[in-house]
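Worksheet: the structure to be examined is printed underneath.
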Amino acid sequence: MFDPFMRFLAFLFLAAFALPPSVLSAAPEPAVSMVRITTASQQPDYSIPWAPGSVMRGVGAGFVIEGNRIMTNAHVVSNATFITVQKEGDPTPWNAYVIHVAHDCDLALLGVRDEAFFKGAKPLSFGGLPALESEVSVFGYPIGGDRLSVTRGVVSRIDFQPYSHSEVDSHLSIQIDAAINPGNSGGPVMQNGKVVGVAFQGYSGAVAQNVGFMIPVPVIHRFLRDVEDGSYDRYMDIAATYFPLINPALRAALDVGDAESGVLVGSVFDDGAASGKLKAGDVILSVDGHKIFDDGKIDLDGDRVEMAEVFERKFKGDKVQLEILREGKKESLTLELSRPWPFEMQARAYDKRPRFVLEGGLLFQPLNRDFLDSIKNKDVRLRYFFDCFISDHLYREHPEIVVLSNVLADPVNTYAAPFKGGIVNRINGRPIHSLQDVAAAFESPGEFHIIELIGEGRPIVLERSALAEADQRIRRRYGVTAQQNL
C-alpha cells in the first residue's frame, strides 16, 4: 500500500503531466520577439588579397524592435554573404539583410524581405540603465543547443570599456556576472520586461569566469538616432589626448588653483574638431557646463562618468562648449565635432575587400591592423609606423603607409626579395602618399620603374618592357585573379 505522503507526490506528478502542453512548454515572454541568426561569411585573407577568403558559418541572436527591424551585434553579421533568421519555435529560415551596421559600437539592424516574418512578433521596448547589484536576464542561443537559452546575472559594474570588435573604440558598457558565450551575442538583456542592454562580449575562461558585458541603452539610442537620416555617421571625437591633472607640481606649473580641476591637453590632431582651437598644455576645466574633475570624470545624470560621455552623445556637426585655462587665463571655446579619419587605420575593417596593387610580382598594400596581423611581421619599423601613426602625426606625410608586403618570385624581380616588408617612399620620383599613388606611378612613362623604400640606400628597379609577359606568367603561376583593388 502507498503511504499517504507518497500518494500526494504521485498526484502532483500526474497532475503536472495532465497540464495542457501550451502551459508546460510556455517560453518566457520575450521569446516571441527572439530571433536566431545564422550567417555564411567570407573572411578576407590579407596575405592573399585577391583570393575570396575562407567561408565560415556563424550563429548569433537578435530581437525585434519597432519598425519591423531586428537588432543584433555588428560582429554577428560582419563580412556576411548570406543571412537567415528564425523566430523562436518556428523552424522556417527567412532571408535577411543588413540595414545599418555600426562597427565602432558593435550594433546592427537587419531587415527581412518578406514582412510576413514579423507577423506575431512583439517589438521589445527599451528601459534605462540598470542599478548596480540589480538582476538582469540574458537571452540568446549559446553553444550547446539550438533552443532559446536564458541566464541570469547581477549588474556588477557600469564603466567605459574597450569594444573588442573594432579594438580601438571604447564606450559605456555594463558588466554582469553571467557568461556571454558564442551565440549569446546580439541577444537582449532584460529587466522588468524592458531591454536594458545587448549582450556582446565576455572573457574567456582562461581570463575570468562568469564575466560578460552588454551594450547599454544610451549607446543603443545613439545608434538608432544616428541612422534616422538613412546613414550611419559613426561616433564623434574632439581628436585630442588629455591626461589626469593630479600631480601637485604640475598643477602649480600650470597655475591651476586649489579650487579648480580639469585635465591636461597632450596632443591635438590635424583635421579634427580641436585642430586650431586647443593647444598642448591647455587645461580643460569644463565641458558643456559640467565641471571636469582631476581624474577626467564629470557628474552626468546623477552618475560619475568619463568626460568623453558628453562627446559620445553628440552627432556629426554638433557643437561642444569648453572652458579652458591657457597660460593662467580662462577662455571659452566652441568645437564642432567630427570623426577624425586617421584613427580608422588602427581599427579592424569589416565588409571590405583587402586593397592592393600587384606589379611585376611586387605586392603593395596599405598598412592597417588586419594587414599587420595577417603577416605576423615583427619588423620594428612597421610596428613604429602603425603604433605611432597618430601620436607622431605620421599621417601628415603619409595618409596611407604603403608596404611592399610580398615578392612573388620571378626572373623580372630578381634580388627584390630582401626588400619585403619595406615602406614605399617614391616610385618613379613620385612621392607615395596612398595606394592610389602607387597605381598612378606605374602608369607613368619610362624605360624602368624605380621604387624607393624608406631607409634603403638602393632602389628596386623593374624593366618596363619585360613586365607584360612577366605579369601573365606570375598570374598563372600564383593563381592571381586580379592585378589591383583600389
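At-a-glance table
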| quantity | calculated |
| --- | --- |
| Residue count for the range 33-65, restricted to those that are part of a loop (DSSP other than H, G, I, E, B) and touching a residue at least 40 places away in the same chain (Cβ under 8 Å) | 7 |
| Among residues of the range 364-403, those that are among the hydrophobic types (A, V, I, L, M, F, W, C) and assigned to a helix (DSSP H, G or I), counted | 8 |
| The listed residue being hydroxyl-bearing (Ser, Thr, Tyr), under 30 Å from residue 300 (Cβ atoms) and in the same structural domain as residue 215 (by TED's automatic domain parsing), out of 125, 166, 149 | 166 |
| Residue check for residue 455: under 38 Å from the mean Cα position of the chain (by Cα), surrounded by fewer than 16 Cβ atoms within 10 Å (Cβ to Cβ), assigned by TED's automatic domain parsing to the domain that holds residue 414 and more than 18 Å from residue 361 (Cβ to Cβ) | yes |
| Among the residues listed as 130, 142, the single one being surrounded by 15 or more Cβ atoms within 10 Å (Cβ to Cβ), in contact (Cβ under 8 Å) with a residue 60 or more places away in the chain and out of contact with any Asp or Glu (no Cβ under 6 Å at 6 or more places or on another chain) | 130 |
| Unmet criterion (only one of (1) buried (at least 16 other Cβ atoms within 10 Å of the Cβ); (2) of a type in the set (A, V, I, L, M); (3) under 19 Å from the mean Cα position of the chain (by Cα); (4) more than 21 Å from residue 149 (Cβ to Cβ)) for residue 77 | (4) |
| Strands (runs of 3 or more DSSP E) wholly inside the range 309-363 that include at least 2 residues being without any contact (Cβ under 8 Å) to a residue 12 or more places away in the chain | 329-336 |
| Some residue of the range 202-210 being surrounded by 23 or more Cβ atoms within 10 Å (Cβ to Cβ) and either in the same structural domain as residue 296 (by TED's automatic domain parsing) or at pLDDT 90 or above (or both) | no |
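To keep it simple, each residue is scored yes or no on (1) exposed (fewer than 12 other Cβ atoms within 10 Å of the Cβ); (2) at negative phi; (3) in contact with a strand residue (DSSP E or B) (Cβ under 6 Å, 6 or more places away or on another chain); (4) of a type outside the set (Lys, Arg).
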{"position": "383", "(1), (2), (3), (4)": "no, yes, no, no"}
{"position": "386", "(1), (2), (3), (4)": "no, yes, no, yes"}
{"position": "391", "(1), (2), (3), (4)": "yes, yes, no, yes"}
{"position": "399", "(1), (2), (3), (4)": "no, yes, no, yes"}
{"position": "447", "(1), (2), (3), (4)": "yes, yes, no, yes"}
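The values are calculated or read from the model by the stated rules, or taken from the named source; none is laboratory data. Since the structure is predicted, the reported quantities are computational estimates derived from the model, not experimental observations. Note that we place each Cβ from the backbone using ideal geometry, even for glycine, and neighbour counts take in every protein chain shown.
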